[in-house]
Amino acid sequence: MPGKIYIVEASSTRRMLLKTYLSEAYYDVETLDTLDDLWDIPEKEQPDLLICDLTRDAAADFAMLKALKADDSFAELPLIGTGNLVFKDQLRALSAGADDIFGLPLKEEVLVARARLLIRNKQTFDELTMRDVTGRELGLISERPVVNPGTRAKPLKLMVAIGKVDEIVGWSQMMSSEHQRTHFRLVRTTGEANEELKSFEPDAIVVGRTLSDGTSGLKFVAGLRQQESLRYTPVLSIVENDQEGVVALGADVGASDFVAMPFDARELAIRTRVQLRRGARTQAMRHQVRDGLMLAVTDPLTGFYNRRYMMTHMPKLLRQAEASGQPFSVMMLDLDKFKRINDVYGHQAGDEVLRELAERIRSVLREVDLLARIGGEEFFVALPGAYVSDTAQVAERIRRAVADRPFLEKRYPKGLKATISVGVAFVNPGELEAARIVDRADRALYACKHAGRNCVRFDQVAVA
């Protein structure tokens, strides 16, 4: 997903190298002379990530970082610090609000991977904020959530999944010092972890490079993210300092942050605290939106938004895409011959198919994507930041998620086979009329029906 990055860098050579490299990764990159210049940036041009040289005036920069994080406008702005700081100053920078510190020379592949992860998290929070605003406009949400993640009424519950216990010697004492009261669960295999998770609900999880049963740490992280109860739990992954590709892969499978070996217990404690603070803010916003909108603007059968919410929220997404220059795609989806399921198996079975269908669609999409049920078996999806090629892949994954496996396999011996048709429209620059865009996707869906169903079709304007 593209995003806007601002760079504050003393060295003109590094500044140009960073701008070139990040631009080649399809980010919109701008430069600033100092951190103070952030305050003068118009709201519509606010960055998704800040990369800042912290070696010119570290004390002043640390003070500015704290000021930024104390301001609601920048509290969720991720920041990567650069420069060969001594370890004490690295910890100070992390404590002040930096999300990561990169020494010199910069490892571009790791930097881009971290940027992608941080921007993804920022845009998720921004999307929740927009949904909160939409709820207020609809008169469904009245108060902003109040979060004070620094005060914990309960002890911190931490799971550590690691094969070599000697990698965390002294770390438990440090975590207890940082978080006052910490309850640990140490597991060494995937089986032990699954057993513990039946009764232990961790606030955060630290995952080593390899578990004792041979499971790689990143494979374990991917397994955690498949569990609904752990989808938003902060997960910190321990990696080798020179494993550049591991960070990129870890960001894709769901790691929240990374700590390179050999690590200091204080760094891990600080990073855990940062993730808990961010998680508390995001969860508070998520619950606020969910509770305020659930009854009035969501479909009770699938949990998706309804047509009323979709048509109210779409203009905001379109204006955001226009201001940021990001691509934007939409889909109309229709379950093929759904009436036959209702007629042959009954409406209760039909409802169960729709619920299962919703879960399959949701499993393919991101949290920032807008999902709505707008008719009996008709659904709408908006994909901010998705190029034509990305959207085509997502549409095909949805089609296969429906066609490749029968529904209600536990209820019927062979299950119920079903397929879905997907019509796609790609939003053109300056196109801000939601109804017209929805109509284009609907025409593409109509083309699917004429082509025999169980396929994906693009609106002609979308691929011009």
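The values are calculated or read from the model by the stated rules, or taken from the named source; none is laboratory data. Keep in mind that this is a model prediction, so the values were computed, not measured. Cβ atoms come from the backbone with ideal geometry, glycine included; neighbour counts cover every protein chain shown. Ligands, DNA and RNA are excluded from the accessible area calculation, which covers all protein heavy atoms including side chains. Shrake-Rupley method; radii C 1.70, N 1.55, O 1.52, S 1.80 Å.
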Original post:
If you check Arg453 against the conditions, is it free of Cβ contacts under 8 Å to residues at least 24 places away in the same chain and more than 13 Å from Val388 (Cα to Cα)?
Top reply: no
**OP:** Could you tell me which numbered condition Phe258 fails, if it satisfies all but one of (1) modelled with pLDDT of 80 or more; (2) of a type outside the set (Lys, Arg); (3) farther than 28 Å from Ala98 by Cα; (4) surrounded by 20 or more Cβ atoms within 10 Å (Cβ to Cβ)?
**Re:** (3)
Original post:
Only one of (1) within 25 Å of Asp299 (Cα to Cα); (2) in contact (Cβ under 8 Å) with a residue 40 or more places away in the chain is not met by Arg443, so which one is it?
Top reply: (2)
**OP:** Would you confirm whether any residue within segment 285-293 is open to solvent by less than 30 Å² (accessible area, probe 1.4 Å), of a type outside the set (A, V, I, L, M) and touching a residue at least 24 places away in the same chain (Cβ under 8 Å)?
**Re:** yes
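Mind checking which residues of segment 331-376 are in a strand (DSSP E or B) and within 25 Å of the chain's Cα centre (by Cα)?
Filtering segment 331-376 for residues in a strand (DSSP E or B) gives 331-335, 370-373.
The answer is Met331, Met332, Leu333, Leu370, Leu371, Ala372, Arg373.
Hey, among Leu18, Leu50, Leu85, Leu91, which residue is of a type in the set (A, V, I, L, M, F, W, C), open to solvent by less than 60 Å² (accessible area, probe 1.4 Å) and under 23 Å from Ala323 (Cα atoms)?
Values: Leu18 fails: under 23 Å from Ala323 (Cα atoms); Leu85 fails: under 23 Å from Ala323 (Cα atoms); Leu91 fails: under 23 Å from Ala323 (Cα atoms).
Step by step, each of Leu18, Leu50, Leu85, Leu91 is checked, and only Leu50 is of a type in the set (A, V, I, L, M, F, W, C), open to solvent by less than 60 Å² (accessible area, probe 1.4 Å) and under 23 Å from Ala323 (Cα atoms).
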**OP:** Kindly establish whether Pro300 is open to solvent by less than 30 Å² (accessible area, probe 1.4 Å) and under 30 Å from Arg400 (Cβ atoms).
**Re:** no
Subject >> Any chance Leu128 is farther than 23 Å from Arg266 by Cα and either open to solvent by 20 Å² or more (accessible area, probe 1.4 Å) or of a type in the set (A, V, I, L, M) (or both) >> reply: yes
Subject >> Index of the failed condition, Asp213 passing every other in (1) part of a helix (DSSP H, G or I); (2) surrounded by fewer than 18 Cβ atoms within 10 Å (Cβ to Cβ) >> reply: (1)
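In this structure, is Gln320 surrounded by fewer than 21 Cβ atoms within 10 Å (Cβ to Cβ), at pLDDT below 90 and assigned to a helix (DSSP H, G or I)? Even if it seems obvious, please write down each step before you answer.
Numbers: surrounded by fewer than 21 Cβ atoms within 10 Å (Cβ to Cβ): yes; at pLDDT below 90: yes; assigned to a helix (DSSP H, G or I): yes.
Answer is yes for this residue.
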Original post:
Is it the case that segment 143-151 has a residue that's of a type outside the set (A, V, I, L, M), closer than 26 Å to Gln320 by Cα and either at pLDDT 55 or above or loosely packed, with under 14 Cβ neighbours inside 10 Å (or both)?
Top reply: yes
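Here are Val402, Val427: which of them is among the β-branched types (Val, Ile, Thr), more than 16 Å from Glu378 (Cα to Cα) and in contact (Cβ under 8 Å) with a residue 12 or more places away in the chain?
Values: Val402 fails: more than 16 Å from Glu378 (Cα to Cα).
Testing whether each residue is among the β-branched types (Val, Ile, Thr), more than 16 Å from Glu378 (Cα to Cα) and in contact (Cβ under 8 Å) with a residue 12 or more places away in the chain leaves just Val427.
How about segment 187-210: which of its residues are touching a strand residue (DSSP E or B) at 6+ places or on another chain (Cβ under 7 Å), open to solvent by less than 80 Å² (accessible area, probe 1.4 Å) and without any contact (Cβ under 8 Å) to a residue 60 or more places away in the chain? Spell out how you get there, then give the answer.
Here is the first cut: in segment 187-210, the residues touching a strand residue (DSSP E or B) at 6+ places or on another chain (Cβ under 7 Å) are 187, 193, 196, 200-210.
With open to solvent by less than 80 Å² (accessible area, probe 1.4 Å) added as a condition, the list becomes 187, 193, 196, 200, 202-210.
Answer for segment 187-210, where residues must be touching a strand residue (DSSP E or B) at 6+ places or on another chain (Cβ under 7 Å), open to solvent by less than 80 Å² (accessible area, probe 1.4 Å) and without any contact (Cβ under 8 Å) to a residue 60 or more places away in the chain: Val187, Ala193, Glu196, Phe200, Pro202, Ile205, Val207, Gly208, Arg209, Thr210.
Looking at Val353, Val330, can you tell me which residue is in contact with a strand residue (DSSP E or B) (Cβ under 7 Å, 6 or more places away or on another chain) and more than 13 Å from Val424 (Cα to Cα)? It would help to see each step written out before you state the result.
Values: Val330 fails: more than 13 Å from Val424 (Cα to Cα).
Within the list Val353, Val330, the selection yields Val353.
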Subject >> Given (1) open to solvent by 30 Å² or more (accessible area, probe 1.4 Å); (2) under 23 Å from Lys107 (Cα atoms); (3) modelled with pLDDT under 85, index of the condition Val239 fails >> reply: (1)
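Quick grid of which residues meet (1) open to solvent by less than 50 Å² (accessible area, probe 1.4 Å); (2) of a type in the set (Asp, Glu); (3) farther than 23 Å from Leu318 by Cβ:
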| site | (1), (2), (3) |
| --- | --- |
| Val364 | yes, no, no |
| Asp369 | yes, yes, no |
| Ala386 | yes, no, no |
| Arg405 | no, no, yes |
| Ile420 | yes, no, yes |
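Counting just the residues of segment 427-464 that are on the phi > 0 side of the Ramachandran plot and modelled with pLDDT of 90 or more, which one comes out surrounded by the fewest Cβ atoms within 10 Å (Cβ to Cβ)?
Taking segment 427-464 first, the residues on the phi > 0 side of the Ramachandran plot are 430, 452-454.
When the remaining residues are screened for being modelled with pLDDT of 90 or more, the result is 452-454.
Details: Gly452: 10, Arg453: 14, Asn454: 15.
Once the filter is applied, the top-ranked residue is Gly452.
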**OP:** Could you list all residues from segment 323-355 that are open to solvent by 50 Å² or more (accessible area, probe 1.4 Å) and within 17 Å of Thr302 (Cα to Cα)?
**Re:** His347, Gln348, Asp351, Arg355
